[in-house]
Amino acid sequence: MMNPQTTNVVVGGGLAGLAAATILARGGQTVILCEKSQAVGGRAITENKNGFRFNLGPHALYRGGQGVKVLRELGVDFSGGLATASGAYVIDRDLKHTFPAGMLSLLTTSLFGLPAKLEAARLLTTIGKIDTQSIQHLSVRQWLHRAVNHPDVQRLLAALFRVATYANDPERQSAGAALAQLQRALADNVYYLDGGWQTLVDGLRQAAENAGVKIVTGARVVAVEHDRAVRQVRLADGKTYEASSVIIAASPQVACALVENGDETMLRQWADAAIPVHAACLDLALKLLPQPRARFALGIDRPLYFSVHSAVAHLGPEGGAVIHAAKYLGSDAEPDPKADEQELEALVDLLQPGWRDEVVVHRFLPRMTVSHALVTAAQGGTAGRPGPEVPGIQGLYVVGDWAGPEGMLADASLASAKRAAEIIAGGRSSRHYFAA
């Protein structure tokens with residue numbers, strides 16, 4: 001068992017860093033969290049613009065995922081609404097079709113002919129029973145060609161994979177990981193959060209402070225010094241903190257750069273193998289929603305997403321609307337921000353004609369990082385992801401949406417944070433660390 005006075009340093013104050021620090025501190029450990037920005041939260045921050053609350057692009061919290069479990073165990077409260085299929089469409093060749101979310105909408109949608117409807121109906125009733133572990137090594141493209149006959153049904157499944165994982169790389173993405181994420185979404189749905197994801201950031205910060213974590217903002221770590229074990233972290237201002245363990249809650253590239261001789265460790269291999277996932281995001285606040293019944297849409301011929309998050313979550317003044325539209329960018333696609341912005345605006349034109357006259361806030365984010373690493377078939381799906389322990393350096397851990405064997409997106413961030421903290425604390429029951 002570790003000395004309770006031993007210092008543990010967490011580098012990075014996003015969701016994963018805050019959660020890991022809290023779990024360690026609740027176990028009686030001394031914890032310092034260093035965040036280079038002036039505020040914690042990372043990509044989970046929410047901005048208040050003219051009374052409207054904007055996440056950095058579309059965010060959804062998976063109701064049945066590890067993230068919700070960790071947040072509840074840590075006592076982080078949140079509220080919100082569940083995404084709904086009401087007012088949902090698929091877009092094909094700039095035409096709207098009823099979203100085939102159930103048997104009735106499947107029978108009535110103009111998207112499919114009869115043969116495709118029959119195959120889609122079979123998939124809808126069986127998709128939750130497919131063994132995802134046996135197809136982790138297959139790419140999404142390979143699995144679709146093996147398991148789905150009709151091209152239109154293949155396109156629908158590909159669109160559902162994109163929205164569930166936020167990724168658009170069917171040639172490399174693990175089919176097993178993508179299908180498991182889709183099964184989770186279909187079985188338990190997702191939350192859009194009242195007040196945006198800042199509620200999670202604020203709740204985690206409060207939990208960390210209550211547990212005794214020392215949070216230092218404006219503290220840019222420039223090096224993790226080590227021999228066979230971590231020894232200390234060094235900040236840009238020259239200050240150092242001795243440490244028996246260091247958790248890096250950042251991208252694989254940043255982790256490699258921070259660790260002395262990182263190029264000679266597994267961190268370099270992890271960084272080189274990581275395929276970042278990006279999206280172009282159009283975030284809108286409107287005085288009113290011109291077409292209240294058009295709430296959600298997915299592109300079936302193009303990797304597009306549209307959702308009125310304020311339809312189920314409180315995000316602004318009464319009567320106003322917050323819309324998130326996104327284009328899931330392919331890993332090898334050449335960036336064209338102007339064309340992407342125009343394409344997303346045209347999508348909103350199709351679903352909400354007249355929206356331009358109601359704009360309060362218009363924000364375009366040309367290349368948001370969705371995840372630091374695609375879950376690939378080559379790595380064997382989520383089970384093949386790195387970390388959280390870094391081989392060869394005792395006491396060094398990585399956490400985030402690219403680390404650990406559980407979940408994707410925020411679920412992976414929070415699950416890897418919990419796993420790393422429990423390993424450091426000696427493998428004791430997690431219930432001990434979540435006790436109030």
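The values are calculated or read from the model by the stated rules, or taken from the named source; none is laboratory data. The shown structure was predicted, so the numbers you read here are calculated from the model rather than taken from an experiment. Counting neighbours? That spans all protein chains shown, and the Cβs are built from the backbone with ideal geometry, glycine included. In case anyone asks, the SASA skips ligands and DNA or RNA and just uses the protein heavy atoms, side chains included. Shrake-Rupley method; radii C 1.70, N 1.55, O 1.52, S 1.80 Å.
Rg and Dmax in Å for the range 165-212, alpha carbons only: what are they?
Rg then Dmax for the range 165-212, in Å: 16.1, 46.
If we count every other residue with Cβ under 15 angstrom of residue 79's Cβ, Lys/Arg +1 and Asp/Glu -1, where does the sum land? Spell out each step's value before the answer.
On the way: positive: 53, 63, 72; negative: 77, 194, 202.
It works out to a net charge of 0.
Calculate, in whole percent, how much of the Cα-Cα pair population of the range 303-344 lies beyond 14 Å. The partial results should precede the final answer.
Details: 490 of 861 pairs.
Taking all Cα-Cα pairs of the range 303-344, the fraction more than 14 Å apart is 57 percent.
When the scattering of the range 80-159 is computed by the Debye formula from its Cα atoms alone, each counted once and equally, what is log10 I(q)/I(0) at q = 0.23 Å⁻¹?
Normalising to I(0) and taking log10 leaves -1.17.
Eigenvalues of the Cα gyration tensor times 5, then square-rooted: what semi-axes does that give for the range 136-280, in whole angstrom, largest first? Intermediate values should be presented prior to the final figure.
Numbers: eigenvalues 299, 104, 28 Å².
So the three semi-axes of the range 136-280 are 39, 23, 12 Å.
With a 1.4 Å probe and every protein chain kept in, tell me what percent of the accessible surface of the chain is carbon plus sulfur.
Values: 8830 of 17960 Å².
Percent of accessible area from carbon and sulfur atoms in the chain: 49.
Straight distance only, please: which lysines reach the Cα of residue 239 with their own Cα at less than 17 Å, same-chain residues fewer than 8 apart left out?
Counting by Cα, and skipping residues close in sequence, residue 239 has these lysines nearby: 36, 214.
Using only alpha-carbon positions, what ratio does the radius of gyration of the chain give when scaled by 2.2 N^0.38 Å? Provide the component values of the computation, followed by the final result.
On the way: Rg = 22.0 Å, N = 436, 2.2 N^0.38 = 22.2 Å.
With N residues counted in the chain, Rg over 2.2 N^0.38 Å equals 0.99.
How far, in degrees from 0 to 90, does helix 114-126 lean away from the longest principal axis of the Cα atoms of the chain, to the nearest 10?
In the chain, helix 114-126 runs at an angle near 30 degrees to the longest axis.
Rounded to the nearest angstrom and ordered from largest down, what semi-axes does the equivalent ellipsoid of the range 125-187 get from its C-alpha gyration tensor (root of 5λ)?
Values: eigenvalues 41, 34, 32 Å².
Here the semi-axes work out to 14, 13, 13 Å.
Where does helix 337-351 land angle-wise versus the long Cα axis of the chain, in degrees 0 to 90, nearest 10?
Once rounded, the angle reads 50 degrees.
Under a straight-distance cross-link criterion of Cα-Cα below 22 Å, which lysines are reachable from residue 129, leaving out those fewer than 8 residues away in the same chain?
In chain and number order, the partners are 117.
Mind ranking 340-346, 162-168, 297-303 by how tightly packed they are, going by the mean number of other C-beta atoms within 10 angstrom, highest first?
Going by the mean number of other Cβ atoms within 10 Å, highest first, we get 162-168, 297-303, 340-346.
Run the Debye formula on the Cα coordinates of the range 23-143, all scatterers equal and no solvent, and tell me log10 I(q)/I(0) at q = 0.14, 0.16, 0.20 1/Å.
-1.02, -1.14, -1.29
Could you tell me the largest-minus-smallest coordinate of the C-alpha atoms of the range 67-122 on each of the three principal axes, in descending order and whole angstroms?
Projected onto the principal axes, the Cα atoms of the range 67-122 cover 49, 26, 18 Å.
Taking only C-alpha pairs under 8 Å that are 6+ residues apart, what is the relative contact order of the chain in percent?
Details: 983 pairs, mean separation 109.6, N = 436.
25 percent.
Using Cα positions and a limit of under 19 Å, work out the aspartates and glutamates in reach of residue 49, with same-chain residues fewer than 8 apart set aside.
Here the aspartates and glutamates satisfying the reach criterion relative to residue 49 are 194, 202, 283, 318, 357, 358.
How high is the relative contact order of the range 275-338, in percent, counting Cα pairs under 8 Å that sit 6 or more residues apart?
Working: 98 pairs, mean separation 28.3, N = 64.
Answer for the range 275-338 is 44 percent.
Once the dipole of the chain is set up with Lys and Arg at +1 and Asp and Glu at -1 on Cβ about the Cα centre, which of 421, 288, 240 lies farthest towards its positive end?
421
Would you compute, for the Cα atoms of the range 323-436, the largest minus smallest coordinate along each principal axis and list the three values in descending order, in whole Å?
Computed over the Cα atoms, the extents are 59, 39, 20 Å.
Taking only Cα atoms, what is the 0 to 90° angle, nearest 10, from helix 151-165's long axis to the longest principal axis of the chain?
Helix 151-165 sits at roughly 30 degrees to that axis.
Can you check how the C-alpha radius of gyration of the range 359-405 compares to 2.2 N^0.38 Å, as a plain ratio? Working shown, then result.
Numbers: Rg = 16.1 Å, N = 47, 2.2 N^0.38 = 9.5 Å.
Normalised by 2.2 N^0.38 Å, the Cα Rg of the range 359-405 equals 1.70.
Restricting things to Cα coordinates, could you compute the convex hull volume per residue of the range 249-381 in Å³? Could the numbers behind the result be given before it?
Numbers: hull volume 20.2 nm³, N = 133.
Per residue, the Cα convex hull of the range 249-381 comes to 152 Å³.
Determine ³J(HN,Hα), in whole Hz, for all residues of the range 60-65 in sequence, where each value follows from phi through the Karplus function 6.51 cos²θ - 1.76 cosθ + 1.60 and θ = phi - 60°; x replaces Gly and Pro.
Coupling constants for the range 60-65: 9, 9, 6, 4, x, x Hz.
Please compute the modelled spin-label separation between residue 49 and residue 346, points set 7 Å along Cα→Cβ, answer in nm with one decimal.
Result for the modelled spin labels: 2.3 nm.
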